[in-house]
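Right, one structure below, let's go through it.
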Amino acid sequence: MSEPDYYKLIGVARTAPPHEIRSKFRAKVLAEHPDRGGDPRKFQILNQAYNILTDPEKRQRYDATGRAEKSPEQEFVEGFGGGGFRFDARPKEADAKAVVNLQDRIIANRQTHEEGFNEWLRQRDQNAMVMTDKDFMKTHLFNAAELATKISHTGPVQHVLGSPKPDASNGPVQVQAKPRPMKKSIDHDEILVRMLAVPVDDSMVYAELKKAGICLGMTGVGRLEQVGNHVENLRTEDTVLVLPKPAKFASERPIGTARTLLSCSEEDVLKIPQEVLEELTPEQICLTPAIVSAYTVLEKYGSKLKPGDSVLMNAAHMSASGSTLLQLCKLLKLKPLCLLALPGAPTKTIKGEYGSKAAWQDIDARQIAPPTVRVHYERISEWLIAMGAEEVFPDAVALLRWRDRNQRMLPKLALDGLGSSNSAEQLIHCLQPGENDGQIVVYGFGASRSMEVSPPLLAAWGGRIAGFNIARWVHAGSANAKKMMSIMENVTKLVRSNKFVLDTVLYKVGEDSMSDAFAHASDPGDSNQIVLIFPTLQEELRSSAEEQRLEKERLARAQEDEAQKRREDEEREKLKNEWLSLLFTDQSVAALSPDGPLPTVYNREVAARKSLVVFIGDEPTADNIHLRELGMHLGSSGLVNIAWSQHSAGEALVDFNVRAPEILDGSHYLRDRAGFQNEDLDLLHDVELLGRSLTEAVECKLNECALDWNSVVIVGFGKGAGIALYAVLLGLLPKYVCAMVLFSPIVLFPTFLGEKLQAVSSSTVPAQAVMKVFLIWGNRNRSTPANYRQLLLRMIKKTPQVHCTPDILPDGDHALDSNAMSILSSLLPLCMPR
């Protein structure tokens, strides 16, 4: 089926630009709309033509091939079953033949035209027929992406980010200021606001966040930087108040006004009148929601009050709303009674029946607050009275006692700005009953805690508890938004005549500590309103450029440090490999600078010695006891005990802990040269030095006895056995000894020993005799784990001239005891030269 000529269908030339195609299409599509009697088939083709000719890629393909690309669904339907499942829109002339009434369906009762038409509608696909104005604007008149406006500021901007509270406490959120990148563009119906001032109110301090990194803030004042193409009522440089609908955002998902640049919808802001801008600063204007909230609450719920009546308040010092309520009451000749409960003061809570003295009369009045709290209380009380309060009380008990003494009427209206768990209950006890118009108005966000009121108390009181939300009130109707600005104009007149003041403390984002700002705002003893101000875009760019410069410098330093570290590591690795290569050779430091023979602590003298047994263990004094008993069974063999631990080179090896965790699990033994540290190199040097000193000590004894090395049997234990094994296998001795009997040898780094065994030349290691080596392990010795034993045995077997025999000592631990000496007595006859 050939494609129609889409250019001819819309009525444009093939070279027509996109705006001409859109213009012609609008006229055509309105005329052919089915709801206006147009042909549905032609209407569908017109839409298809518009979609193809306004898409550059599809238009290019259509101009080149004369065909438009079909969707995968269309290709499948047309190819499936020879196209039998293909559905084309019904042409207009076919409607006349359509079955649209019940008579044609052989139904006796004749339908009216309206009934038939309704059934016809039910049989049609409503989604394909109906197109709303929004759908038409989005899909046919323009492409929303084409009308997006690129944001001119390219760098990151400051964001005040909140994180959930660390525990289930009712404290403030965790907060920090960080620069974050902006999105690239704003949509056709969005605006970009450069924030000037944001109040730190309870909705920010006690936000119920579910995750970290959420930008805080539900309100604030800013100036428009950019506006979308379809924003009609706002212009660049207009000053606006950000106040979104409460249903659009929530405490855990705020709009995020605490940032230098905010993108939002036109409906989320209110334009500030010029009269207000001329009289108030942005820091004062950002308090508009709090001021208007106080004004409206007093106007709406205090309409029955008369001058001289009392109003009960419990948070007059904690927010701009409380301060505004005090000053408005003063102007209206009302008498605010303020409850001032401070942290650290004694808690006196009324519990009991409404209107009963027993509920509060017996509460201990002798409890007093600490001196620091009393000073704090006096300071805030003076401020509250100066702002318009008649009396200030630490709690509801004190208020009722004052009322009882002075025979005063209880207030009808209570304004709850705390919203805590028991704030409403305490206010109820201090109010007139419901039949006298007693009511409580909750206007504060509070610390986001649930309010609790006892049902019997509420029923006995009979009053009304109402809530007021300024954002919901403003967006309830356009008249309220106008009234809000009218109220602010009235407030500016009061400010001009010094009848209205607001104390603010400013914190600049990016320079001052946000944690301090939020701690200041959550302090119940501080009456100042905290306001955040933001850097200008020029400052943001300078800060961004400076941060980028510092980041480049940091990266350069990091790369240089990494390169330097790499060079140092390479040099260290080179020196380490050179050092390891020289160890146990004639060019090593130990070979060039010997440290003298090891001391001998026991020597069994025999007239005509035929062999010499050399013992080297870890505890020379304790070992002598066992060696004296062994000497009685040696006959013509001499016996010497050499103490490596008393040599100056053995200090580090003495401190080597064979009970350390890395020894017990075998990980220390398994390390190779790549994992060696400086202390490991020092230990290996000490082992070589001790091995050479051992050779020197034994050589002196052989010269005295006129014996050769093949007449020597070396018996060792623990670290001493490891020293002896290194010395014998790596050629520190001139010749192999006759045999070695080693109990629980501690051989440092068997893998390194295996490497050195392969590197030792054949001339260094004598090949004329086979040396017997007996390895005796205690089966309960945790200092020589199984993986270490297997590794050491594999390394020893790399030397063909060594015949190694491992054995297990039943119930043996890491100790040279009588059982070990018994095994030694049985092995020595097998080791003696013949």
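Looking across Gln790, Gln758, one residue alone is modelled with pLDDT of 90 or more and either more than 24 Å from Arg609 (Cβ to Cβ) or of a type in the set (Gly, Ala, Ser) (or both). It is Gln790.
On the basis of being in contact with a helix residue (DSSP H, G or I) (Cβ under 8 Å, 6 or more places away or on another chain), touching a residue at least 24 places away in the same chain (Cβ under 8 Å) and of a type outside the set (S, T, N, Q), does Leu305 make the cut?
Considered against the rule, which asks whether it is in contact with a helix residue (DSSP H, G or I) (Cβ under 8 Å, 6 or more places away or on another chain), touching a residue at least 24 places away in the same chain (Cβ under 8 Å) and of a type outside the set (S, T, N, Q), Leu305 comes out as no.
Return a yes/no flag: does region 585-592 have any residue that is open to solvent by less than 70 Å² (accessible area, probe 1.4 Å), touching a residue at least 12 places away in the same chain (Cβ under 8 Å), closer than 30 Å to Ala759 by Cβ and not in a helix (DSSP H, G or I). Scanning region 585-592 turns up at least one residue that is open to solvent by less than 70 Å² (accessible area, probe 1.4 Å), touching a residue at least 12 places away in the same chain (Cβ under 8 Å), closer than 30 Å to Ala759 by Cβ and not in a helix (DSSP H, G or I). Please indicate, with yes or no, whether at least one residue in region 173-181 is more than 25 Å from the chain's Cα centre (by Cα), at negative phi and surrounded by fewer than 17 Cβ atoms within 10 Å (Cβ to Cβ). The answer is no, given that none of the residues of region 173-181 is more than 25 Å from the chain's Cα centre (by Cα), at negative phi and surrounded by fewer than 17 Cβ atoms within 10 Å (Cβ to Cβ). Any idea how many residues of region 226-250 are buried (at least 20 other Cβ atoms within 10 Å of the Cβ) and within 17 Å of Ile533 (Cα to Cα)? Total meeting the criteria: 3.
For the criterion of being touching a residue at least 24 places away in the same chain (Cβ under 8 Å), crowded, with 16+ Cβ neighbours inside 10 Å and either closer than 21 Å to Asn624 by Cβ or not charged (D, E, K, R) (or both), Asn787 fails. Filtering region 252-285 to residues that are open to solvent by 30 Å² or more (accessible area, probe 1.4 Å) and aliphatic (A, V, I, L, M) leaves only Leu277. Scanning for something assigned to a helix (DSSP H, G or I), under 30 Å from Pro244 (Cβ atoms) and in contact (Cβ under 8 Å) with a residue 60 or more places away in the chain, does region 453-470 turn up at least one residue? Scanning region 453-470 turns up at least one residue that is assigned to a helix (DSSP H, G or I), under 30 Å from Pro244 (Cβ atoms) and in contact (Cβ under 8 Å) with a residue 60 or more places away in the chain.
Among the candidates Leu342, Leu326, the residue that is in contact with a helix residue (DSSP H, G or I) (Cβ under 6 Å, 6 or more places away or on another chain), surrounded by fewer than 21 Cβ atoms within 10 Å (Cβ to Cβ) and either under 30 Å from Cys286 (Cα atoms) or of a type in the set (Val, Ile, Thr) (or both) is uniquely Leu342.
Considering region 519-546, and only residues there that are of a type in the set (Asp, Glu) and in a helix (DSSP H, G or I), the residue that is surrounded by the most Cβ atoms within 10 Å (Cβ to Cβ) turns out to be Glu540. From the list Ser822, Ser744, the one residue that fits, being without any contact (Cβ under 8 Å) to a residue 40 or more places away in the chain, over 21 Å from Gly638 (Cβ atoms) and small (Gly, Ala, Ser), is Ser822. With respect to the conditions (1) under 15 Å from Leu793 (Cα atoms); (2) over 53 Å from the mean Cα position of the chain (by Cα); (3) open to solvent by less than 10 Å² (accessible area, probe 1.4 Å), Gly722 lacks only one, and its number is (2).
Can you name every residue in region 366-378 that is assigned to a helix (DSSP H, G or I) and either at pLDDT 90 or above or farther than 12 Å from Ala398 by Cβ (or both)? Once the filter is applied, which keeps residues that are assigned to a helix (DSSP H, G or I) and either at pLDDT 90 or above or farther than 12 Å from Ala398 by Cβ (or both), region 366-378 yields Pro371, Thr372, Val373, Arg374, Val375, His376, Glu378.
Of all residues assigned to region 551-559, at least one qualifies as being more than 26 Å from the chain's Cα centre (by Cα), of a type in the set (Gly, Ala, Ser) and at pLDDT 80 or above.
In summary, Ala13 fulfils each of the numbered conditions (1) at pLDDT below 85; (2) among the hydrophobic types (A, V, I, L, M, F, W, C); (3) open to solvent by 30 Å² or more (accessible area, probe 1.4 Å) with the single exception of condition (1). Considering region 268-281 alone, what residues qualify as being modelled with pLDDT of 90 or more and either of a type outside the set (A, V, I, L, M) or in a helix (DSSP H, G or I) (or both)? Hits for region 268-281 are Asp268, Lys271. Screening Ile642 with (1) under 18 Å from Cys738 (Cβ atoms); (2) surrounded by fewer than 16 Cβ atoms within 10 Å (Cβ to Cβ) gives one miss only, at (2). Say whether the condition of being at pLDDT below 85 and farther than 23 Å from Lys508 by Cα is met by at least one residue in region 252-267. Yes, the conditions are met somewhere in region 252-267.
For Leu598, the conditions (1) within 28 Å of Phe752 (Cβ to Cβ); (2) outside any helix (DSSP H, G or I); (3) modelled with pLDDT under 90; (4) of a type in the set (A, V, I, L, M, F, W, C) are fulfilled apart from (3).
Within region 468-480, restricting attention to residues that are more than 36 Å from the chain's Cα centre (by Cα) and surrounded by fewer than 18 Cβ atoms within 10 Å (Cβ to Cβ), the residue that is nearest to Ile255 (Cα to Cα) is Ala476.
Within the set Leu325, Leu280, the sole residue that is under 19 Å from Pro524 (Cα atoms) and in contact (Cβ under 8 Å) with a residue 40 or more places away in the chain turns out to be Leu325. Ile363 meets all of the listed conditions (1) in a loop (DSSP other than H, G, I, E, B); (2) touching a residue at least 60 places away in the same chain (Cβ under 8 Å); (3) of a type in the set (A, V, I, L, M) but one, namely (2). Picking from residues in region 481-518 that are β-branched (Val, Ile, Thr) and outside any strand (DSSP E or B), the one that is surrounded by the most Cβ atoms within 10 Å (Cβ to Cβ) is Val491. What are the pairs with Cβ atoms under 8 angstrom where one residue, in region 427-439, is under 13 Å from Thr349 (Cβ atoms) and the other, located anywhere, is of a type in the set (Val, Ile, Thr) and surrounded by fewer than 17 Cβ atoms within 10 Å (Cβ to Cβ)? Sequence gap at least six, or different chains. From residues that are under 13 Å from Thr349 (Cβ atoms), there are no pairs.
Conditions (1) closer than 30 Å to Gly352 by Cβ; (2) not aliphatic (A, V, I, L, M), marked per residue:
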| position | (1), (2) |
| --- | --- |
| Met451 | yes, no |
| Ala466 | yes, no |
| Arg472 | no, yes |
| Met514 | no, no |
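Being among the charged types (D, E, K, R) and modelled with pLDDT under 90 is not true of Asp655.
Please find, within region 16-50, the residue that is nearest to Tyr62 (Cα to Cα) out of those that are more than 55 Å from the chain's Cα centre (by Cα) and surrounded by 15 or more Cβ atoms within 10 Å (Cβ to Cβ). So, considering only residues that are more than 55 Å from the chain's Cα centre (by Cα) and surrounded by 15 or more Cβ atoms within 10 Å (Cβ to Cβ), the one nearest to Tyr62 (Cα to Cα) is Lys42. Condition check for Arg780 on (1) open to solvent by 50 Å² or more (accessible area, probe 1.4 Å); (2) touching a helix residue (DSSP H, G or I) at 6+ places or on another chain (Cβ under 6 Å): one failure, at (2). The residue that is least open to solvent (accessible area, probe 1.4 Å), counting only those in region 379-419 that are farther than 17 Å from Gln361 by Cβ, among the aliphatic types (A, V, I, L, M) and part of a loop (DSSP other than H, G, I, E, B), is Ala389.
The values are calculated or read from the model by the stated rules, or taken from the named source; none is laboratory data. Quantities reported herein were computed from a predicted structural model and do not represent experimental measurements. All Cβ positions, even for glycine, are placed from backbone atoms using ideal geometry, and neighbour counts span all protein chains on display. Side chains are part of the model used for accessible areas, which takes the heavy atoms of the whole protein and leaves out ligands, DNA and RNA. Shrake-Rupley method; radii C 1.70, N 1.55, O 1.52, S 1.80 Å.
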